[in-house]
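Inspection log for the structure reproduced underneath, given as structure tokens.
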Amino acid sequence: MHNQTAKTPRAIRQKRPHHTVVTRAYCFPMEVPAKQHERFMAQLTACWRLRNNLVNDRLTNRLFCRSRKQQGLKPAYLNRADQYRSLAKYVRQDTALSKVHSQVRQNVAVRVDEGYKRFFDALKEGKTSVHPPRFLDFRKYRSFTFPQYGSAAHIKNSTLHLSGLGDFRIHDYRKVRGKKKTVTIKMKQGRWWCIVTAETQEKDILPQVPSEGRMNAGIDPGLSVLMTDSYGETYDPPKAWHDNRRKLRMAQKKMSRQFEARKRSHAMRATLAKSCGITSPVLRDIPYSNRLTKQIKKVAKIHTKVERIREHHHKKNAAIIADRYNMVAVEDHGAGFMTRNRKLAKLASDRATSSQKLRLISKLGGRYIKAPTTHNGVGNSQVCVCGALVPKALSERVHACPECGLVAGRDHMAANVISANVFGFVSLSLCAPAAGQEVVRRGEDKNPAGESRRIESHAVVAALESSVKRRPLVQVRHTTGAEATVEGKTASHRRTGLGTACRCADEPKTAAITGRNTVPSDSMHALNSV
């Protein structure tokens, strides 16, 4: 008889909630000496050559498959696995590529494959502006990636270890939160950067905020003012490029003159070498002079300053909006048409509305709502909250509706149109043309009979927003050799009863033209409940 021990029953697997995973990128500057810089450039050059070879294979395969289609045969397109197998051929041909880590080489093939996937997806959607990967100039190829964080690439004690390249000092001023996934080495603005991506749960990065006491808002991005919300608040950071354009222009002109002098010197050497029967080196292989290298660094520093100023204010605006509102609806449109405009390209690039939207998405998470850009084929700034079309040129910054008589700022009106489309209400700061006039709610402007339907407003709006200069909160009048009048008294003086006997009962009270702060809370709750 064998003793049979009692087996412990298997524990029941507990179901855990599935949380949304968020990917964050942490960018750290690196200290790279001259010798290690040469290693980076050699690895970057090898990856660039490999990338163009893989693109060439794809183009050749597409031509081959096209000919097979014409012959009535089934085409056989290259995929990622096929290009993985072709890497060994290029490693044998290129000695510099053999020194590159195998994971980095595979990541180059992954980049080419993802580019073709985006191209095929765009073809299915009918987009003609997306192109497959093409041959890339070396000046535009700036990074290589270790796709797996671990033995090949890891950070310990402010030291980055890269397999086959060595150890590098980095300024890891922030703690990387979550599970580290990839490490990317990128050349940007004249120096090397280490970009670490990490995955973490959304509930750890974006904590749930209480919705009680917080309002929803619509936001309209623009060029004259970066952002305007539906309550009339504007977010207008300084124009970083515009403020530093003089320094940047002078530095870039000097750098351009040095590059032109370098080309002329190379042309003279090439002519002399040709007359002597000697092959001259290519211009790209000739190293930069010390003066040109210093000037390139000066230009890079100015560009870095501009980018950091812009990034700082974008983060600041995102933090203010996240603390102020609950749900935020932002007009969703690309900035490509602005940058293609000859008159707006510089201003649009300086504003960087797409970068500001990414900061809002990163800060708000699920509280960020993408609002449609059109209403029945018309832009949000070309319609009124009453539903009437009010066409305006880009230079017209004041909205004046001929139907309801509403006068407001162009961006303020567009933000309220977004708020009405998404949340179903407009802000009290957007005033009716006269006290007591009914306010039209978007989405409810048409009844089944086809007639316009107006909803009775629960609050009378106090002031109009126009392009004229705002009046002060209190009209102060000074008298000669006497005491200030009652209008000049502060609120604390009037509460104590000083000068109250001098106020005439028939004297009109001045209405303060303010923004969101003057709206009573009970009126706002009443309006939102409609």
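What follows is calculated from the coordinates using simple rules that are stated; it is not laboratory data. Please read all numbers here as calculations on a predicted model, not as lab measurements. Here Cβ is always computed from backbone atoms with ideal geometry, including for glycine, and neighbour counts include all displayed protein chains.
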Honestly the stretch 21-205 on the Cα gyration tensor test (a ≥ b ≥ c root eigenvalues; a/c under 1.5 rounded, otherwise a/b vs b/c for prolate or oblate) is just prolate
What trypsin sites (Lys or Arg not before Pro) in the stretch 361-420 are in a loop by DSSP, with at most 16 other Cβ atoms within 10 Å of the Cβ? Lys392, Arg397
Which residues qualify? For Leu406, with a placed amide H closer than 5 Å and at least 5 residues away or on another chain, they are Cys401
Output ³J(HN,Hα) for the stretch 71-80: one whole-Hz value per residue in order, computed from phi by the Karplus curve 6.51 cos²θ - 1.76 cosθ + 1.60 with θ = phi - 60°, and x for Gly and Pro. 7, x, 9, 7, x, 10, 7, 6, 10, 5
Among Ser429, Ser98, what is the fewest-to-most ranking by other Cβ atoms within 10 Å? Ser98, Ser429
Could you please rank Phe146, Phe425, Phe337, placing first whichever residue has the fewest other Cβ atoms within 10 Å of its Cβ? Phe337, Phe146, Phe425
In whole Hz, with x marking every Gly and Pro, tabulate ³J(HN,Hα) for the stretch 394-399 from phi via Karplus 6.51 cos²θ - 1.76 cosθ + 1.60, θ = phi - 60°. 5, 7, 7, 9, 10, 9
By Cβ neighbour count within 10 Å, fewest first, Val196, Val225 rank Val225, Val196
How much FRET efficiency would the formula 1/(1 + (r/R0)^6) give for Ser158 and Arg397, where r is the Cβ-Cβ distance and R0 is 60 Å, rounded to 0.05? 0.75
For the stretch 330-398, what class follows from the C-alpha gyration tensor (a ≥ b ≥ c being the square roots of its eigenvalues): rounded when a/c is under 1.5, otherwise prolate if a/b is larger than b/c, else oblate? oblate
What full-extension length gain, to one decimal in nm, is calculated for Arg139 and Asn79 as 0.36 nm per residue of separation minus the Cα-Cα distance? 18.9 nm
Give the long-range amide H neighbours of Asn216: residues separated by 5 or more places, or on another chain, with amide H under 5 Å away, using H modelled in the peptide plane at 1.01 Å from N. Asn326, Met327
Treating the beta-carbon of each Lys and Arg as +1 and of each Asp and Glu as -1, no other charges, what is the dipole magnitude of the stretch 215-371 about its Cα centre, to the nearest 20 debye? 1360 debye
Can you list residues whose amide H is under 5 Å from Met227's amide H, if they're 5+ apart or on another chain and H is modeled 1.01 Å from N? Gly222, Tyr235
Suppose a student asked you for the relative contact order of the stretch 215-371, using Cα pairs under 8 Å spaced at least 6 residues apart; what percent would you report? 33 percent
If you count, for each residue, the other Cβ atoms within 10 Å and average over each peptide, how do 167-177, 47-57, 274-284 line up from highest to lowest? 47-57, 167-177, 274-284
Potential extension, Asp332-His242 segment - 0.36 nm per residue separation minus Cα distance: 29.8 nm
Using 0.36 nm per residue, how much length does the chain from Ala25 to Arg174 gain when fully extended, once their Cα-Cα distance is taken away? 52.5 nm
Using only the Cα atoms of the stretch 215-371, construct the convex hull and provide its projected area averaged over every direction, in square nanometres to one decimal. 12.4 nm²
In sequence order, calculated HN-Hα J values of the stretch 150-166 (Karplus, 6.51, -1.76, 1.60; Hz; x Gly/Pro): x, 5, 6, 8, 7, 10, 8, 6, 6, 10, 9, 9, 10, 5, x, 10, x
